[in-house]
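Values quoted throughout were computed directly from the atomic coordinates according to the rules given, and no laboratory measurement underlies them. What you see is a predicted model; the values in this text were computed from it and never measured. Ideal geometry is used to build each Cβ from the backbone, glycine not excepted, and the neighbour counts take in all protein chains shown.
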Amino acid sequence: MKDTIINAEHRIGATKRFAARSLTALLWLLWAYLCLPVLSVLAWLAGVKLFYEEMLVREGVDKLFSLMLVYAIVIGATSGLLILWARLNYRRFHNREKRRRVADATPDELAADYRLSASDLLAAQQTQTVVVHHSDRGHVVRIVRR
């Protein structure tokens, strides 16, 4: 089966591909790190003594509560900044439309963009179901109307 246009990684630049893969790996590691307490509790329920040693013998409960305070401060600060940003943007753009409408593309421009004839494009637009065949580079090769 051929790759679809969406999965054609060779069409993405090396820098963007590296950045996407690095970010994905970093976020998976963060997710695994955040799941460690749950895994610890599950292991404790399964009979492993790590939870008992960490929380009670080494006074991990006190550390947990101090960390929860730090987490609450970070969450509060982040939430406050997001609310402040939203309010500033509301005041800045309220009742002011700064975006300009882009002119609609003409049928000839669309046909040129898809490398089709204007009559084929118009026929495809008026058909309820079409199958679009693409080349390996993602260009429209033909349209089959059904």
Residues with beta-carbon under 14 Å from that of residue 17, excluding residue 17: net charge, scoring Lys, Arg +1 and Asp, Glu -1? +2
With each run of n ≥ 4 DSSP H residues scored as -39500 (n - 2.57), what mean residue ellipticity at 222 nm is computed for the chain after dividing by its residue count and rounding to the nearest 500 deg cm²/dmol? -19500 deg cm²/dmol
Report, to the nearest 10°, how far helix 60-93 tilts away from the longest principal axis of the Cα atoms in the chain, using its own Cα long axis and a range of 0 to 90°. 30
Counting Lys +1, Arg +1, Asp -1, Glu -1, what net charge surrounds residue 92 among other residues with beta carbon under 14 Å of its beta carbon? +4
Kindly state, to the nearest 0.05, the FRET efficiency for residue 85 paired with residue 11, given R0 = 25 Å and r defined as their beta-carbon distance. 0.10
A correct Karplus calculation of ³J(HN,Hα) over region 108-113, with 6.51 cos²θ - 1.76 cosθ + 1.60, θ = phi - 60°, whole Hz and x for Gly and Pro, returns 5, 5, 5, 4, 5, 5
If I fit a long axis through the Cα atoms of helix 14-45 and take the longest principal axis of the Cα atoms of the chain, what angle between them do I get, 0 to 90°, rounded to 10? 40
Expressed in nm to one decimal, what extension gain is obtained for the pair residue 141 and residue 67 from 0.36 nm per residue of sequence separation less their Cα-Cα distance? 20.7 nm
Which loop trypsin sites (Lys or Arg not before Pro) in region 98-142, with loop taken from DSSP, have no more than 16 other Cβ atoms within 10 angstrom of their Cβ? 98, 99, 100, 101, 115, 137
